[in-house]
Amino acid sequence: MALPKKLKLMDLFNEGNSYLGQTGEVTIPKLVRKFEDWRGGGMNGNVKVDLGLGDDITEFNWKLGGIDALVIEQFGAATVGEHMLRFAGSYQRDDTGETSAVEIIVRGRHEEIDFGNQKAGDDTETSIKTIWSAYKLSIDGVVKVEIDIPNMIEIVNGVDLLEKHRANIGH
């Protein structure tokens, strides 16, 4: 029997600025594919045709204790990859003590900054929804997934899934 690797420590960086001690929660983006049913002539059932990335894949949600001027200053960014966020997590198995470093880097811009309820003497929290256009997931320094939507890059486990498609359209 083996125990799972669980998150023990984490930090979030915004343009290289650490939020250690300030980051309350990070919702790591889901990896989602968009499938559509297809049942052609002569098929006795349908299959799911892969149409690329899912529509809601690009959300990176995170929370900070209190209020942060940097996030507010970044609101209204002009480009889809204006700001870089980096999640760094340390995961550990409690049966072996083995640790793993997980890093997720996104480039995007903030769609929503929610200051929540503000009441003196109560806990306050800011929730941010960042919409990313580029994403990279690494485990123990090895890139597992890299997606750059504007540049038509989608690499999974070292395999460029869009390489032939880019070549087919002259890129």
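A short reminder: the numbers here are calculations on the coordinates, not readings from a lab. This structure is a prediction, so every number in the text was calculated from the model and none was measured. In this analysis, Cβ positions are derived from the backbone assuming ideal geometry, glycine residues included, and neighbour counts consider all displayed protein chains.
The table for this structure:
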| read-out | value |
| --- | --- |
| Lys, Arg +1 and Asp, Glu -1 on Cβ, resulting dipole of the chain about Cα centre, debye, nearest 20 | 500 |
| Cα lying deepest toward the dipole's positive end in the chain, options Thr79, Leu162, Val145, charges on Cβ | Leu162 |
| Flagged links, alpha-carbon separation over 29 Å, of Lys63/Lys144; Lys30/Lys119; Lys5/Lys48; Lys5/Lys164; Lys30/Lys164; Lys8/Lys136 | Lys30/Lys119; Lys5/Lys48; Lys5/Lys164 |
| Sorted by Cβ neighbour density within 10 Å, fewest at the top, the residues Trp62, Trp38, Trp132 | Trp38, Trp62, Trp132 |
| Rg in Å to one decimal, and Dmax rounded to a whole Å, for segment 72-171 via C-alpha atoms | 18.2, 61 |
| Net charge of neighbours whose Cβ lies under 14 Å from the Cβ of Asp148, counting Lys and Arg as +1 and Asp and Glu as -1 | -1 |
| Per-residue [θ]222 nm for the chain (sum of -39500 (n - 2.57) over DSSP H runs n ≥ 4, rounded to 500) | -1500 deg cm²/dmol |
| Order of Thr58, Thr96, Thr126 - criterion: other Cβ atoms within 10 Å of each residue's Cβ, fewest first | Thr96, Thr126, Thr58 |
| Protection proxy ranking of 80-93, 24-37 - average other beta-carbon atoms within 10 Å, highest first | 80-93, 24-37 |
| Positive minus negative residues near Gly158 (Lys, Arg vs Asp, Glu; Cβ under 10 Å) | -1 |
| Spherically averaged projected area in nm², based on the convex hull that wraps the Cα atoms of segment 4-95 | 10.2 |
| Net dipole in debye of segment 5-75 [+1 Lys, Arg Cβ; -1 Asp, Glu Cβ; about Cα centre; nearest 20] | 500 |
